[in-house]
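Okay, so here's the structure we're looking at.
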């Protein structure tokens, strides 16, 4: 019962979810991990990543940047594209400021990365950022972008949090509270840091804004009338973890062209997303239902470098879950 017969070279896993109407959906995930060489050639990794039931963080859970968001979730309404990125100075020559970019088809996003710097209040009481330190490589993480959680005031009513990026720096109830602390060194290329907008390529957590706006309302009325079902105002966009400008309407199909600039040790890399298609045959005794998947996650990693792709299918099962025996996964097409 509830078995997988995975006939592909990729990792696969399954789970159950219920939608906000209480209907059960059989979720099956296929996940491919590729190593990328200096020429942009992809090869299946000898250490593939398994589908994840929970998010993985780079540090303490909930208190650091997400490295990988969970895969075993309800059907996403589009494709998430996010990067676990590192900025690399050209020719390993130390620099204090660097533009980095990734492009997929006609979409391009550019960030400015500077060396480490701090908030200094020694100049006539005016708070400003110190000069950036030289660097050869710099992780692009939300800890280094604008945001933060200011808890320095002894009065809790004066504590402030930036829900767009609670782990960042530069956000405070009073400017003096940031003196001596790290200043943001990741920002949008054409944006004045003084505007105070977080910037990054990586996944954002579900309790951060804007994701939390789609989670729905969990109030007394929900407790009395809906629990344990999802709220009526739940929006499946809550499942999308990439920055909003790195989410697609509809799904990527594979075959898209990717370009990375100053995000790999050789500084410029081009490759093509593999194009795979799968068929899922789910058996309920002698009855078989065919279904297909969509590409829901593309994760690009500087270190390696590496590419991770996740396909997801959702089969509405209703009350037949007890009769579901297995799903057979076959690969029906591949362009690499």
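The values are calculated or read from the model by the stated rules, or taken from the named source; none is laboratory data. This structure is a prediction, so every number in the text was calculated from the model and none was measured. Cβ sites come from the backbone with ideal geometry, for glycine too, and all protein chains shown count toward neighbours.
Being in contact with a helix residue (DSSP H, G or I) (Cβ under 8 Å, 6 or more places away or on another chain) and within 20 Å of residue 64 (Cβ to Cβ) is the filter here; which residues of segment 153-170 pass it?
Of everything in segment 153-170, those that are in contact with a helix residue (DSSP H, G or I) (Cβ under 8 Å, 6 or more places away or on another chain) and within 20 Å of residue 64 (Cβ to Cβ) turn out to be 163, 165, 167, 168, 169, 170.
Determine which member of the set 4, 44, 52 is touching a strand residue (DSSP E or B) at 6+ places or on another chain (Cβ under 7 Å), in contact (Cβ under 8 Å) with a residue 12 or more places away in the chain, closer than 16 Å to residue 300 by Cα and surrounded by 13 or more Cβ atoms within 10 Å (Cβ to Cβ).
44
Give the residues of segment 146-199 that are more than 25 Å from residue 95 (Cα to Cα) and in a helix (DSSP H, G or I), sorted by residue number.
Of everything in segment 146-199, those that are more than 25 Å from residue 95 (Cα to Cα) and in a helix (DSSP H, G or I) turn out to be 156, 157, 158, 175, 176, 177, 178.
Looking at the structure I just gave you, is residue 238 surrounded by 19 or more Cβ atoms within 10 Å (Cβ to Cβ), more than 21 Å from residue 20 (Cβ to Cβ) and touching a residue at least 12 places away in the same chain (Cβ under 8 Å)?
no
Could you tell me whether segment 235-244 includes any residue that is assigned to a loop (DSSP other than H, G, I, E, B) and more than 27 Å from residue 145 (Cα to Cα)?
Yes: one or more hits.
Name the residues in segment 258-294 that are over 21 Å from the mean Cα position of the chain (by Cα) and part of a loop (DSSP other than H, G, I, E, B), would you?
Within segment 258-294, 265, 266, 267, 285, 286 qualify.
Of the residues 183, 145, which is touching a residue at least 60 places away in the same chain (Cβ under 8 Å) and closer than 26 Å to residue 87 by Cβ?
183 is the lone residue from the list that is touching a residue at least 60 places away in the same chain (Cβ under 8 Å) and closer than 26 Å to residue 87 by Cβ.
Given the conditions (1) buried (at least 19 other Cβ atoms within 10 Å of the Cβ); (2) under 18 Å from residue 307 (Cα atoms); (3) modelled with pLDDT under 95, report the number of the one that residue 246 does not fulfil.
It is condition (3) that residue 246 fails.
So residue 57 passes all but one of these: (1) in contact with a helix residue (DSSP H, G or I) (Cβ under 7 Å, 6 or more places away or on another chain); (2) under 17 Å from residue 200 (Cβ atoms). Which condition number does it fail?
(1)
Scan segment 174-182 and tell me whether some residue there is farther than 30 Å from residue 274 by Cβ, buried (at least 16 other Cβ atoms within 10 Å of the Cβ) and either at pLDDT 95 or above or under 19 Å from the mean Cα position of the chain (by Cα) (or both).
no
For residue 1, only one of the following conditions fails: (1) over 15 Å from residue 282 (Cβ atoms); (2) part of a loop (DSSP other than H, G, I, E, B). What is its number?
Answer for residue 1: the failing condition is (1).
Within segment 203-222, can you find the residues that are surrounded by 14 or more Cβ atoms within 10 Å (Cβ to Cβ), in a helix (DSSP H, G or I) and out of contact with any helix residue (DSSP H, G or I) (no Cβ under 9 Å at 6 or more places or on another chain)?
222 - this is the single residue of segment 203-222 that is surrounded by 14 or more Cβ atoms within 10 Å (Cβ to Cβ), in a helix (DSSP H, G or I) and out of contact with any helix residue (DSSP H, G or I) (no Cβ under 9 Å at 6 or more places or on another chain).
Can you tell me how many residues within segment 36-67 are part of a strand (DSSP E or B), over 18 Å from the mean Cα position of the chain (by Cα) and closer than 28 Å to residue 144 by Cβ?
1
Write out, first by first residue and then by second, each pair whose Cβ atoms fall under 6 Å of each other, whose residues are 6+ apart or on separate chains, and whose first residue, in segment 155-166, is free of Cβ contacts under 8 Å to residues at least 40 places away in the same chain and on the phi < 0 side of the Ramachandran plot while the second is in a loop (DSSP other than H, G, I, E, B) and surrounded by fewer than 18 Cβ atoms within 10 Å (Cβ to Cβ).
158/173; 159/151; 160/173
Keeping to segment 92-145, report how many residues are outside any helix (DSSP H, G or I) and either at positive phi or out of contact with any strand residue (DSSP E or B) (no Cβ under 8 Å at 6 or more places or on another chain) (or both).
11
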